[in-house]
Structure formats: C-alpha cells, structure tokens
Amino acid sequence: ALYVFNEPYWVDPATGVKNPCGALAADDLRLLRAAIRALWPQAKIYHDLGRPSQWAPGGGYQQANPCIGARFADATGVADLAGVWFYPVDKHGYDRQTMVDALKGEIEYVSRRMRAEAVVLGQAFRSGPMPMPGIDEVRDINCTVRWLAPQAISWYPWRQLSFEESLAKH
C-alpha cells in the first residue's frame, strides 16, 4: 500500500494546521486516490484516519463541530486501507471495554461505509499528560486488538516530550 496522509480529515497535510471543521474532505481524498490510480492502477491507498466514523453525520466529532456538515457523509472511495485507533489508557487507567467498543465500531464503519479495510494502530500512549500503559496492559491491548481481527495491526509507541521519561518509569 501507499501510505498517503496522517489524519487528513483533521490536519491539513500541506500546512500541518489542524482544522476542527475538517482539513481534507472525503471528496478531496477521493480525487487524490483517483489521480494516484491514474498513474498506478494497482496502488492500494492508505490513510491514517483515526476515528473516521466520528466525522460522519451523527458521529460525536461531527455533532460537536457543526461546521463539518456533511463533508464526510460519503466516505466510499477515500482509501483502500484506513488506519483507525483508540487510546485505552488515560489518567484514570486502562479502559478495555471502551477500546473494544470503539475499535469494533471503527472496523465496522471502515468495512461497511467506506468499503475499505481497517488497520488498527496500536499506540502505546497519547500526547500530553497521559501515561504509558504497563506491560500487562500492553499485552492485553495487543491480544484484544488481534481478537478484533482487523485487516492488519500496526503497533508503535508514539513519541512525545515525555517519551523517555515514560519508558524509564514503565
């Protein structure tokens, strides 16, 4: 697959600026996919979208940001592979069930609504003051994500200012 963009719904890939109303809409990504495939017909297009269902009408992010409108109502043809993720560890601890529910929903959304294949991105921790999971949590996250049976899994610790400190403590 050709990895194209990291969170193109949220971050403008040309400027790196976040846009709560959506940086690139589904139509923009469809046009890009068509242009790439005009040059390389067999190319599998991969975008890290995060939580694409939340941008669609009725999704939590769309409801919180009405400026999104219906820009993500039709997500078919956006990508062949869509990276999805959920951070299960925060300052309150590890929330396995919320992770399972969120990832199941995203995998289903990608399959049914986008007609693509989901790649679950297993991120070890999130930016800001969020903790890194302990080894037992990492094992459980890994096994749980495998049980969900996405098309693929990509596991990585997300580097941030506290990366070295988090590794040292955990």
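The values are calculated or read from the model by the stated rules, or taken from the named source; none is laboratory data. Every value quoted in this text rests on a predicted model; they were computed, and no experiment measured them. Backbone-built Cβ (ideal geometry, glycine too); neighbour counts: all protein chains shown. For the accessible areas, the whole protein counts, side chains as well, though only heavy atoms, and no ligand, DNA or RNA atoms are used. Shrake-Rupley method; radii C 1.70, N 1.55, O 1.52, S 1.80 Å.
Which residues, counting only those in the range 93-109, are surrounded by fewer than 19 Cβ atoms within 10 Å (Cβ to Cβ) and part of a helix (DSSP H, G or I)? Steps first, please.
Within the range 93-109, the first condition is being surrounded by fewer than 19 Cβ atoms within 10 Å (Cβ to Cβ), and the residues that meet it are 93-98, 100-101, 104-105, 108.
Within the range 93-109, R96, Q97, T98, V100, D101, K104, G105, E108 meet the criteria.
Quick check on the range 26-33. Is at least one of its residues farther than 18 Å from V84 by Cβ, outside any loop (DSSP other than H, G, I, E, B) and in contact with a Cys (Cβ under 6 Å, 6 or more places away or on another chain)?
No, the range 26-33 has no match at all.
Can you tell me which residue is modelled with the highest pLDDT among those in the range 80-89 that are in a loop (DSSP other than H, G, I, E, B) and open to solvent by less than 30 Å² (accessible area, probe 1.4 Å)? Talk me through it step by step, then tell me what you get.
Applying the first criterion (in a loop (DSSP other than H, G, I, E, B)) to the range 80-89 yields 80, 85-88.
Imposing the further condition that a residue be open to solvent by less than 30 Å² (accessible area, probe 1.4 Å) reduces the set to 80, 88.
Values: D80: 97, P88: 88.
Within the range 80-89, the match that is modelled with the highest pLDDT is D80.
Can you say whether Q63 is open to solvent by 60 Å² or more (accessible area, probe 1.4 Å) and either under 21 Å from I107 (Cα atoms) or in contact (Cβ under 8 Å) with a residue 12 or more places away in the chain (or both), as far as the supplied structure shows?
Details: open to solvent by 60 Å² or more (accessible area, probe 1.4 Å): yes; either under 21 Å from I107 (Cα atoms) or in contact (Cβ under 8 Å) with a residue 12 or more places away in the chain (or both): yes.
Spelling it out, Q63 is indeed open to solvent by 60 Å² or more (accessible area, probe 1.4 Å) and either under 21 Å from I107 (Cα atoms) or in contact (Cβ under 8 Å) with a residue 12 or more places away in the chain (or both).
Residue-by-condition table, conditions (1) open to solvent by less than 30 Å² (accessible area, probe 1.4 Å); (2) within 30 Å of I135 (Cβ to Cβ):
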residue	(1), (2)
D12	no, no
L32	no, no
P41	no, no
K44	no, no
G50	yes, yes
W55	yes, no
A73	no, no
V78	yes, no
K91	no, yes
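Only one of I45, I36, I68 is closer than 20 Å to I153 by Cα and among the β-branched types (V, I, T). Can you tell me which? Even if it seems obvious, please write down each step before you answer.
On the way: I36 fails: closer than 20 Å to I153 by Cα; I68 fails: closer than 20 Å to I153 by Cα.
It is I45.
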